[in-house]
Structures are given as C-alpha cells and as structure tokens.
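The values are calculated or read from the model by the stated rules, or taken from the named source; none is laboratory data. Predicted, not measured: the structure shown is a model, and the values here were computed from it. Cβ: placed from backbone, ideal geometry, glycine included. Neighbour counts: every protein chain shown.
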C-alpha cells in the first residue's frame, strides 16, 4: 500500500483555510476534579468564538450530553454551523485523540491519519473510546484513512506547510510511546504519513506537562520557516533552562533551503500552582482558526504581551483571549482541545 506522501498528500499548516474545527465535549470529572462545572461555560465561550469563524463539529457521548452542550452554547451566544456527533469519548483532548487530516493538490477528498493513541503513555486508562475517534471522524467526512503505524498525539507535532515538522525528544523518543522504534524509524513514519521533509527536534517541554513535552506548549510555527517560542524570563524558574536550550536549538535550525529559521518569542505566564501542583500554563497553546485565534490567558501581565505578539503574526485574525486559569487544571488549553479540518479543492 502506498503511503500518503507517495500519493501526494501532506498535512497543511494550521493557518491554512479550514472547513471546520472538531472538538470533543468535556465530561470527565477526573480531568478537572471538582471544577468541571466551571470549565464548561468557558469552553462554551471558546466554541462561540470558533462558530464565528467556521463550522464546528462536536463529539458527544449521548443525547443528554448533546442537550447540555446545546444549552450552554446557546447561553454563550454560539451561532452558525454546529454539528453534533454521537461519537463517545473518554476525555476532551481532541488534538491528541482526533484524526490528523491531509490534503493534496486539486483533489476534493480529504485523507486522514489514524495514529495509535495510548493516553500519553498509558497514564489515564481507559482510552478505548478515544482511540476509535479518528476512524469515526474520517468516515463522517468520507476521508481516506491511513494507519499511522505508531503512537502519536497531535499536540506533539507542528508543521509549517513547507516541509518542516517540529517536535520534542522528550515526547516522541519516550519509551512509553514507541519503545520498539528508533529515532530514524519515527522520522520515516512522520515523513511518509504527513508529507514532510525535515524533522526538527527540540529537547524538553515545560514543568507540569503530563504529555511528556508536547510541542504545542513551547514552540509553534506561525508562518513558513517562522517559529513563535515561549521563553521564561525568571532565571530561577524551573522552566528557564529547558526553554533557553530549546531557543538555542531553534536559532541553529534551518529550513529546506538552508536558511535560518525566523525565531520570535512570547513570554511564559507567571507560575500557576493549584493544590501544590505546577500546571502547564503556556500562551503557546493557542489555536489558529480561519478568522480568530484562541489565546489562553492567565490573568497576568504576560496576557497582553502574548496577544500583541500573536496579532503581529496574524494581523487579519481576531485574537480572542480566554481565561484558562481553570481550564489548565485539566493540564491543557485551547490547542489541546481542538483539531482542524482543512479545506480541500
């Protein structure tokens, strides 16, 4: 069987046109112990912002969950094309359990990659329902579905649409993901399944990140060959040295033509600790939709600086800052909760 790359498919960058954003409605109490009821209204505001931008698909477990979601979204002012799917999930992190979609030139049909999902190294069983989601998404969209052939979460990679893929050693080389695969074998699977040319490796992620260093908390492509990286400005903070090392690596990296990457920076928010646990709060966990960019904010001075940095990167999009102080108690934010469906044809 030919690989997606051999057939001319590639993963487009997040800022390329979408036909929709896909989500899984939050319902797992254990992800937000005692605070799920606070998270849902904020989540509904995010969906309302997305519904101004593009169609929104939402996985729900049953009729009761759909009714509750509809009520909250109506209260938040969500309008437009919102579609509900009775695709049951274990948790809400659609970036990681959802399909990753591919396109190819002059072809109206999407393709999807169904990566294996093991809940970030078997940390949060059960995850059997989440592992089924990519095939259900692909079937609904009539997308050709390719097996990824290894464990991979969408939040662990980012692409620039010009052949580059950014990831971390801490996550993809972690023995709790694909202990049977070498670094070069993992790179081959990424190239063949996502249509990329060059894999760029950063080191470690931020403190409190239970995903073992997902890229979407530390550095994101915002244009071909251009990366927006978070930096910790306090030398005494535990994130300072790992993020400085990642910045050093980024500044030494080149694109396919050998040109240095353009490296921009945004600050980390102040440390966020809840019940003694450092949370993975990061402004890099933003989501780029057609007309809006959802920015996680945390109530500090860094919010305005991060919003200004993103507005410079995306001058034609509205930067929508939404307070994630409670949302990140679930150890993720807007990028972790969303999955783009690219436009085709």
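At least 2 residues being free of Cβ contacts under 8 Å to residues at least 60 places away in the same chain and over 22 Å from residue 39 (Cα atoms) is the threshold, and among the strands (runs of 3 or more DSSP E) wholly inside the stretch 239-345 those reaching it are 262-267.
In the stretch 311-328, how many residues are crowded, with 22+ Cβ neighbours inside 10 Å and touching a strand residue (DSSP E or B) at 6+ places or on another chain (Cβ under 6 Å)? Residues that pass the stated criteria total 2. Of all positions in the stretch 198-206, none carries a residue that is in contact with a helix residue (DSSP H, G or I) (Cβ under 9 Å, 6 or more places away or on another chain), in a helix (DSSP H, G or I) and at pLDDT 95 or above. Is it true that residue 233 is more than 23 Å from residue 164 (Cα to Cα), touching a strand residue (DSSP E or B) at 6+ places or on another chain (Cβ under 7 Å) and either surrounded by 14 or more Cβ atoms within 10 Å (Cβ to Cβ) or without any contact (Cβ under 8 Å) to a residue 60 or more places away in the chain (or both)? So residue 233 passes the test.
For the stretch 108-124, a residue qualifies if it is out of contact with any strand residue (DSSP E or B) (no Cβ under 8 Å at 6 or more places or on another chain) and exposed (fewer than 15 other Cβ atoms within 10 Å of the Cβ), and the qualifying residues are 108, 122, 123.
Of all the criteria given as (1) touching a helix residue (DSSP H, G or I) at 6+ places or on another chain (Cβ under 8 Å); (2) in a strand (DSSP E or B), the one not satisfied by residue 221 is (1). One residue stands out among those in the stretch 125-143 that are in contact with a helix residue (DSSP H, G or I) (Cβ under 8 Å, 6 or more places away or on another chain) and surrounded by 15 or more Cβ atoms within 10 Å (Cβ to Cβ): the one that is nearest to residue 84 (Cα to Cα), which is 133. Checking the stated criteria, residue 190 turns out to be on the phi < 0 side of the Ramachandran plot, in contact with a strand residue (DSSP E or B) (Cβ under 8 Å, 6 or more places away or on another chain) and free of Cβ contacts under 8 Å to residues at least 40 places away in the same chain. Scanning the stretch 153-187 for residues that are buried (at least 21 other Cβ atoms within 10 Å of the Cβ), farther than 20 Å from residue 253 by Cα and without any contact (Cβ under 8 Å) to a residue 60 or more places away in the chain returns a single hit, 177. Would it be correct to say that residue 35 is touching a helix residue (DSSP H, G or I) at 6+ places or on another chain (Cβ under 7 Å), surrounded by fewer than 18 Cβ atoms within 10 Å (Cβ to Cβ) and more than 15 Å from residue 336 (Cα to Cα)? For residue 35, the condition - touching a helix residue (DSSP H, G or I) at 6+ places or on another chain (Cβ under 7 Å), surrounded by fewer than 18 Cβ atoms within 10 Å (Cβ to Cβ) and more than 15 Å from residue 336 (Cα to Cα) - is met. Only a single criterion out of (1) in contact (Cβ under 8 Å) with a residue 40 or more places away in the chain; (2) crowded, with 18+ Cβ neighbours inside 10 Å; (3) under 19 Å from the mean Cα position of the chain (by Cα) is not satisfied by residue 223, namely (2).
For the stretch 193-206, residues that are over 22 Å from residue 242 (Cβ atoms) and in contact (Cβ under 8 Å) with a residue 60 or more places away in the chain total 4.
All of 76, 71, 63, 92 fail the test of being within 17 Å of residue 36 (Cα to Cα) and exposed (fewer than 15 other Cβ atoms within 10 Å of the Cβ), apart from 71.
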